[in-house]
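I have placed the structure first, in the form of structure tokens, so that the comments after it can refer back to it.
The values are calculated or read from the model by the stated rules, or taken from the named source; none is laboratory data. Quantities reported herein were computed from a predicted structural model and do not represent experimental measurements. All Cβ positions, glycine included, derive from the backbone under ideal geometry; neighbour counts span all protein chains shown.
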Amino acid sequence: SGYDDLAGSLKFGVVGSVVAGILPEALSRLREAHPNLQTRVVCGLSADLVVQVDCGDIDVAIVSEPPSALAPNLVWTPVVDEPLVIITSQKNSQKRGHELLEENSFIRFNRKAWAGRLIDRVLRKYEIQVNETMELDSLEAISLMVGQGLGVSLVPQRPIKTPFPAELRIIPFKGGAHYRSVGMVTRTGSTCARLIEALYKNLVGTVAASRIK
């Protein structure tokens with residue numbers, strides 16, 4: 001393999017939903033394939049991480065798809081599309097998506113996050129009027145609140161073995177027509193190109209493996 005001798009250091013930033021999603025397995029695969037490759041991970045919001053890539057503070061940002069064009073020296077590479085789904089407690093027997101979202105307390109994904117802005121745009125597109133009671137930073141926190149029957153939410157479904165706790169009911173939104181795209185933002189002409197390619201390969205491999213299980 002051309003990567004057997006891969007060595008060096010790669011610093012990358014990741015949004016929280018990816019840290020608790022595909023990243024652990026992808027990093028494990030990367031370390032096993034390239035034991036001489038050193039990685040350092042920082043967590044943050046998509047917009048902040050992209051600025052850090054632009055400034056050279058980190059080599060890669062694994063983030064939600066940017067809502068607008070990136071600077072000319074930055075490149076977006078998609079990794080996976082995560083369908084938006086409605087989550088509710090198993091105890092809630094309502095079937096229709098609109099009813100669930102409009103007739104229950106709504107727990108919102110932070111609008112400072114690009115994924116949160118995407119969800120807000122989708123709700124506005126379909127003129128869904130929600131009764132917002134919480135705005136939280138993480139999918140894990142939202143899932144815990146929903147599991148306790150404190151509301152419903154519209155969130156991306158991550159490609160991992162257990163994307164949501166067992167006490168939640170998952171309902172496709174609009175037949176799976178809307179997605180949160182997750183990918184990498186890098187600088188053009190990066191000196192870490194081979195290391196970044198190895199990271200990308202293992203992220204994609206993790207997603208593919210999750211779909212086989």
Next on the checklist: Considering only residues that are of a type outside the set (A, V, I, L, M, F, W, C), within 13 Å of Cys192 (Cβ to Cβ) and buried (at least 16 other Cβ atoms within 10 Å of the Cβ), which ones fall in segment 46-64?
Outcome noted: Asp59
Checklist outcome for this item: Within segment 164-213, residues being charged (D, E, K, R) and not in a helix (DSSP H, G or I) number 5
Checklist entry - Residue check, Ala115 against (1) in the same structural domain as Ile142 (by TED's automatic domain parsing); (2) at pLDDT 95 or above; (3) small (Gly, Ala, Ser), all met but one. Which one? => result (2)
Checklist outcome for this item: How many residues of segment 45-64 are closer than 26 Å to Phe109 by Cα, modelled with pLDDT of 95 or more and in a loop (DSSP other than H, G, I, E, B)? The answer is 1
Checklist outcome for this item: For Leu45, the lone unmet condition from (1) under 11 Å from Val15 (Cα atoms); (2) out of contact with any strand residue (DSSP E or B) (no Cβ under 7 Å at 6 or more places or on another chain); (3) free of Cβ contacts under 8 Å to residues at least 60 places away in the same chain is (3)
Next on the checklist: Being surrounded by fewer than 21 Cβ atoms within 10 Å (Cβ to Cβ), over 30 Å from Asp57 (Cα atoms), without any contact (Cβ under 8 Å) to a residue 40 or more places away in the chain and not basic (Lys, Arg) narrows it down to one residue among Ala177, Ala141, Ala193; which is it?
Outcome noted: Ala177
